[in-house]
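Read-outs: derived from the displayed coordinates by stated rules, not from any lab. This structure is a prediction, so every number in the text was calculated from the model and none was measured. So basically every Cβ, Gly included, is an ideal-geometry build from the backbone, and we count neighbours across all protein chains shown.
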Amino acid sequence: MDNAQLTDTEVAPATALTPLFYSEEETALLLGIHRTTLRHLAVDGKAPVPPVHITEHKRVYRRIDVERLAGVAT
């Protein structure tokens with residue numbers, strides 16, 4: 001196809017979006033601890049990375065903080 005426009009039947013290539021946050025379970029897995037341990041540490045204010053509180057019982061963790069601590073950041 002010579003022109004840069006897409007026809008009605010073509011789809012633009014999907015770009016892989018990197019998430020900004022990890023769930024509590026994903027964070028615990030990357031850090032090598034049980035998710036319950038991470039939850040208890042977060043509740044006590046002693047989590048290895050600071051949580052972002054979504055609701056009273058829901059926390060997520062910044063991807064960059066988790067990956068740096070886990071040693072997987074690029």
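Numbers below:
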read-out	value
Length released on extending from residue 70 to residue 26, taking residue separation times 0.36 nm less the Cα-Cα span	14.7 nm
Cβ-based net charge around residue 59, under 12 Å, with every Lys or Arg adding one and every Asp or Glu removing one	0
Relative contact order (%) - criterion: Cα under 8 Å, at least six apart; region: the stretch 12-74	36
Local electrostatic count at residue 20 - Lys and Arg +1, Asp and Glu -1, tallied over other residues with Cβ under 10 Å	+2
